[in-house]
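Please read the structure below before turning to the comments.
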Amino acid sequence: MSNTNLVIDMVTKEALRIAHEEATFTGTVNRTFDDSFGKEGAKIGSTLRIKLPNEYSVRTSGRVMDVQDTESAAVTLTQSSYYGVDLRFNSQELNQDIVELSKNYIRPAVQRLMSKIDSAAIETATKDIYNLVGTAGTVVGAVTTGFSDTTALGLARAKLNLGLAPKSDRSVQMDSVTMASITNGSKNLFLPSATVEKAYLEGFIGRGQGADWYENERTYSHTVGSDVTVSTSSSSGATDGGTTITMNSTDGNVNAGDIFTIPKVFACHPETKRSTGQLQQFVCTAASTGAITVSPATYWTGAKQNVCTATSGTCTVADFDSEVMTFVGTANTAYRHNLMYNRDAFAFVTAALPTMADAISCKVETREGISLRVWQGSDIRNDELLMRIDCLWGFKTIRAPWATRITN
């Protein structure tokens, strides 16, 4: 076919254009690490270690030095998710112009592919995040006592501020039911501004609370574990810098992504190390009926200290032992968890897959951190063209304090 190369070029470019349109969540996170994996295949392999900022303690004891070691930290970003869509065309179908080909085949295929990627990434992101605002079971923006209650939105912004997240490049991913509730309330609060008029007519807010707002039906719906009426063990196993808290042996069946607090353990400001007046929230990183692996780690002292007592004192294991754990939500109940976050809270990467040497029609296109490969081959017996659209990608939470869930 004389126009084989032209067709594969057009199809690949069209697929990538649609992919960018559909990347509602992954298009708003950090994608600058993509170049580290190379333009012609993943030249550094499938993993990348991302260095985190160093943290230090401040000397307040006078002129004599109190030298401290530098404890470098890093997270590992792995490209291990290989997603694709596989298609077939006959000669008559392939003879359509690119507009019809896109409408009938390429757009539906790439939309489904990017929806799967976006959904998987946002579920991973949500489960990683321990900050949470809102009331489980109450839609944000619902009208109570005569006004639309959007307090959770301001609290979400405050969570990011307390975590020292930059005030630029913030986004919100919100399901349409919650978006409709907030939009309904915003028209009363902000009329007659042009932004609110757009929100009322189109069901989209645009920008508010210092963030860009996106309507996304893929936001994660989290189901709470089957037994969350539970206390910590009399020997909780909590340590300075540890990631394990043990429940009472007769209680507890929690899911990965469940969030809880302990009444004597408060969050402290990352710089001043003073109590924020809020209980530290912890997320379960795996399902458990005994010892829970949690995030963040419980740092009681030093530059990484993140927990303290209500009076800004140093926590001890006694603050964790035999204490009631208060979980967000009711056992076996699902709650929609939307997100507010800074761009650099998460990283998304794709690899430029290789073009096969024996493939007549195989094309790789990369643009702004998203890479797709389109590969075509013919089936002479059935007069069909087989096509695969591939994406090798990875996702990682880099700075969890720079994001928060907003529960319904």
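Structure summary
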{"quantity": "Per-region count, segment 343-376, residues in contact with a strand residue (DSSP E or B) (Cβ under 6 Å, 6 or more places away or on another chain) and within 30 Å of Gly210 (Cβ to Cβ)", "calculated": "9"}
{"quantity": "Qualifying residues in segment 148-177 (those that are over 22 Å from Val29 (Cα atoms) and touching a residue at least 40 places away in the same chain (Cβ under 8 Å)) - the one farthest from the chain's Cα centre (by Cα)", "calculated": "Ser148"}
{"quantity": "Only one of Asn161, Asn131 that is exposed (fewer than 13 other Cβ atoms within 10 Å of the Cβ), under 29 Å from Gly277 (Cβ atoms) and modelled with pLDDT of 85 or more", "calculated": "Asn161"}
{"quantity": "Segment 262-278 residues that are closer than 24 Å to Met247 by Cα and at pLDDT 95 or above, paired with ones that are surrounded by 15 or more Cβ atoms within 10 Å (Cβ to Cβ) and acidic (Asp, Glu) (beta carbon under 6 Å, 6 or more apart)", "calculated": "Ile262/Glu323; Pro263/Glu323; Lys264/Asp319; Val265/Asp319"}
{"quantity": "Residues (among the small types (Gly, Ala, Ser) and in contact (Cβ under 8 Å) with a residue 60 or more places away in the chain) located in segment 296-335", "calculated": "Gly302, Ala303, Ser322, Gly329, Ala331, Ala334"}
{"quantity": "Pairs where the first residue, in segment 207-231, is farther than 19 Å from Tyr130 by Cα and the second is surrounded by 14 or more Cβ atoms within 10 Å (Cβ to Cβ) and among the basic types (Lys, Arg), C-beta under 9 Å, 6+ apart", "calculated": "Gln209/Arg157; Gln209/Arg170; Gly210/Arg157; Gly210/Arg170; Ala211/Arg157; Ala211/Arg170; Asp212/Arg170"}
{"quantity": "Residues (touching a Lys or Arg at 6+ places or on another chain (Cβ under 9 Å) and crowded, with 20+ Cβ neighbours inside 10 Å) located in segment 289-305", "calculated": "Gln305"}
{"quantity": "Subset tally (residues that are polar (S, T, N, Q) and in a loop (DSSP other than H, G, I, E, B)) for segment 259-290", "calculated": "5"}
{"quantity": "Among residues of segment 369-408, those that are more than 30 Å from Ala297 (Cα to Cα), in a loop (DSSP other than H, G, I, E, B) and not β-branched (Val, Ile, Thr), counted", "calculated": "4"}
{"quantity": "Residue list for segment 94-116, filter: at pLDDT 75 or above, loosely packed, with under 14 Cβ neighbours inside 10 Å and within 22 Å of Asp379 (Cα to Cα)", "calculated": "Asn104"}
{"quantity": "Enumeration of residues in segment 15-45 that are modelled with pLDDT under 70 and either part of a helix (DSSP H, G or I) or not β-branched (Val, Ile, Thr) (or both)", "calculated": "Asp34, Asp35, Ser36, Phe37, Gly38, Lys39, Glu40, Gly41, Ala42, Lys43, Gly45"}
{"quantity": "Enumeration of residues in segment 335-368 that are outside any loop (DSSP other than H, G, I, E, B) and exposed (fewer than 14 other Cβ atoms within 10 Å of the Cβ)", "calculated": "Arg367"}
{"quantity": "Selection status of Gln209, modelled with pLDDT of 90 or more and closer than 25 Å to Thr24 by Cα", "calculated": "no"}
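The values are calculated or read from the model by the stated rules, or taken from the named source; none is laboratory data. Bear in mind the structure is a predicted one, so any value in this text is a computation, not a measurement. All Cβ positions, even for glycine, are placed from backbone atoms using ideal geometry, and neighbour counts span all protein chains on display.
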